[in-house]
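First up is the structure itself, then whatever we jot down about it.
The values are calculated or read from the model by the stated rules, or taken from the named source; none is laboratory data. No experiment lies behind these values; they were computed from the predicted model shown. Counting neighbours? That spans all protein chains shown, and the Cβs are built from the backbone with ideal geometry, glycine included. Protein only, heavy atoms only, side chains kept; ligands, DNA and RNA dropped before computing areas. Shrake-Rupley method; radii C 1.70, N 1.55, O 1.52, S 1.80 Å.
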Amino acid sequence: LSCPRSTLSYVAGLGWFLALAFQPLAPRTYMSENAMGSTMVEEQFLFGERALSYAREFAGHKKKAGGMPVAWLEKTMWNLGLEVHRQPFSRTLPFPDETRERYVRTGPPAPQTLTPPWAGLCRGCARRQGRDRAPPRLCQGRDRSAAAAPLPAGQIYWAKDIIFLVNEHDLLGMEAWLEAYHDVNITEVRSEGTLGRAGAIQAAVALELSSDVITSFDVAVEGLNGQLPNLDLLNLFHAFCQKNGLLCTIQGKVSRPARRTAVPWVAQVASSILARVRDSAASRPRAVTRLHQSYFFYLLPSLSRFVSIGVYMPAFGFLILVLVLKISFWVGGWEGGATPARTGLTPGSPQESRPGLLALVPPLLICHATGLALYFLPVLGQHVATQHFPVSESEAVVLTVIAIYVAGMALPHNTHRVLAGGGSDRGWMTLKLLALLYLAVQLGCLALLNFSLGFLLAATMVPAAAAVQPNGPKVLLAVLLVLATPAVTLLLGIFLQRELVEAPAAAAEGWQLFLAAVAEGLLQHHLYGSLLFPFLALCAYPCWLLLWNVLFWK
């Protein structure tokens with residue numbers, strides 16, 4: 001009875017997810033905080049010509065200085081009556097890539113300015129195709145910050161401070177300033193100088209401007225480790241764009257109008273989740289801001305509609321229910337005895353001895369040792385690889401990750417056979433029970449932090465975990481397990497995402513994107529504390545290897 005119920009639960013989970021495309025489950029967005037309404041603020045910015053003037057001055061001084069005109073920025077901000085501070089910083093990266101050198105240093109840095117009153121954080125930056133760029137096109141954010149700087153001084157009823165932060169090296173500079181401001185050192189950034197203080201930072205807005213002529217705004221909602229911005233500010237920004245006739249997109253797509261057919265909405269929901277999973281693989285913090293009210297857990301089929309956590313979580317719950325049903329089935333089999341129907345034994349087979357916990361120690365140790373090697377060796381062994389092979393340091397790291405990942409499947413997992421009862425059917429049943437419990441706990445915890453990634457891993461790993469056993473069609477189950485591994489899920493997700501954005505990738509291009517995603521995942525973990533790579537290396541991959549052990553138990 002477990003198999004039909006498990007199949008029904010899995011189909012129900014996928015069906016519930018697809019049902020999120022229908023408008024009754026995706027209501028229109030609304031403001032939870034009345035004080036965030038657009039009628040509470042001045043909507044017009046009257047200093048556009050001043051901003052263009054600052055832009056021309058900045059471009060001229062930058063060309064003359066051959067780099068960031070820090071002295072001009074500092075002088076201009078002082079003339080506006082702002083408190084200006086500099087912060088030199090340096091950082092050694094674990095390995096360089098195409099856009100970053102191993103040793104990053106600013107000297108002298110761009111200034112930090114402090115002016116009363118209001119609390120916020122603004123930065124100007126530009127990116128192209130998801131990659132960091134040098135500062136030449138950053139002037140648009142800086143000149144608008146300078147033009148807007150005098151505005152808060154005239155608003156005497158505002159009771160907060162506003163900080164304009166101008167930084168180099170994109171997120172590295174932002175991280176260096178945040179650590180120095182809060183007097184912590186988590187990422188081994190070495191900073192100098194003194195900083196102004198303006199109390200606790202309550203909200204932040206990141207502006208990424210790449211041109212003087214603005215034709216549209218694209219909203220980026222993905223944050224570090226699956227965090228999402230406050231929905232109220234997103235709604236406010238969208239309302240401003242609609243009121244002023246500005247084109248506003250999400251992940252580069254224009255929101256579709258409401259239609260009776262659900263097909264466009266299904267494509268938008270799927271594209272949104274895959275894009276979030278893709279950005280989670282890079283773990284690039286790009287969230288708009290975070291406030292104290294409204295929603296923090298949601299899905300965005302479009303900018304005008306959202307799906308709350310209470311509506312989309314049942315889809316994940318049905319997938320986890322498959323593991324719960326399988327666990328209850330194996331527990332029932334353990335209590336009722338290993339019968340021929342359950343284990344596939346022949347009626348004349350001798351009675352098996354009950355295995356002890358010692359039989360599970362070798363596969364557990366080997367699987368988790370492989371995960372530890374996958375986490376530590378690529379970065380620690382990059383110098384050895386570059387000395388013996390004609391590869392760069394970043395290529396050495398990525399190729400080492402792939403080599404360890406594939407080699408884990410070929411390790412000698414059959415050491416349990418030398419132990420009493422280790423090679424019995426009760427042995428693999430016990431190991432599968434442990435693997436199912438391990439996987440259910442992992443996915444449950446992950447879905448609370450990053451639903452998109454948790455749902456995708458559950459949709460791919462749960463069927464393979466439920467079906468695997470050493471007595472079935474071994475080749476078919478092996479193919480199913482390989483397709484369910486997180487690395488293959490990432491590779492297939494890249495191709496699917498490119499199809500959804502109507503830019504299909506060839507096999508060679510998809511492989512290069514996969515290698516770049518692996519390298520970026522490692523780098524984002526070491527730079528910003530992204531938890532995706534350690535989760536996959538230390539949790540998901542060892543759990544998958546336990547299932548691989550179950551398949552080749554005999």
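Tabulated data
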item	result
Residue under evaluation I327, criteria (1) modelled with pLDDT of 85 or more; (2) of a type in the set (V, I, T); (3) open to solvent by 30 Å² or more (accessible area, probe 1.4 Å), criterion not met	(3)
Among residues of the range 388-413, those that are more than 30 Å from N549 (Cβ to Cβ), open to solvent by 40 Å² or more (accessible area, probe 1.4 Å) and part of a helix (DSSP H, G or I), counted	3
Every residue from the range 4-38 that is at pLDDT below 80, in a helix (DSSP H, G or I) and surrounded by fewer than 18 Cβ atoms within 10 Å (Cβ to Cβ)	Q23, N34, A35, S38
Residue, modelled with the lowest pLDDT, within the range 77-92, restricted to residues that are open to solvent by less than 20 Å² (accessible area, probe 1.4 Å) and more than 13 Å from A176 (Cβ to Cβ)	L82
Qualifying residues in the range 184-215 (those that are more than 29 Å from the chain's Cα centre (by Cα) and under 22 Å from A59 (Cα atoms)) - the one modelled with the lowest pLDDT	D212
Inter-residue pairs, beta-carbon under 6 Å, first farther than 13 Å from W16 by Cα and in the range 313-331, second among the basic types (K, R), 6+ apart	L325/R5
Residue identified as in contact (Cβ under 8 Å) with a residue 60 or more places away in the chain, under 17 Å from P378 (Cα atoms) and touching a strand residue (DSSP E or B) at 6+ places or on another chain (Cβ under 9 Å) among L538, L532, L527	L527
The range 469-505, subset of a type in the set (A, V, I, L, M) and open to solvent by 60 Å² or more (accessible area, probe 1.4 Å), residue modelled with the lowest pLDDT	L496
Residue count, the range 492-510 (criterion: of a type in the set (A, V, I, L, M, F, W, C) and under 20 Å from L532 (Cβ atoms))	4
Selected residue (only one of L547, L513, L483, L490 is within 25 Å of L321 (Cα to Cα), within 26 Å of the chain's Cα centre (by Cα) and free of Cβ contacts under 8 Å to residues at least 24 places away in the same chain)	L483
Those residues of the range 169-191 which are within 15 Å of L527 (Cβ to Cβ) and either surrounded by 21 or more Cβ atoms within 10 Å (Cβ to Cβ) or touching an Asp or Glu at 6+ places or on another chain (Cβ under 9 Å) (or both), in sequence order	H169, D170, L171, L172, G173, E175, A176, W177, N185, I186, T187, V189
Wholly within the range 465-539, helices (runs of 4 or more DSSP H) carrying at least 2 residues that are in contact with a His (Cβ under 8 Å, 6 or more places away or on another chain)	532-535
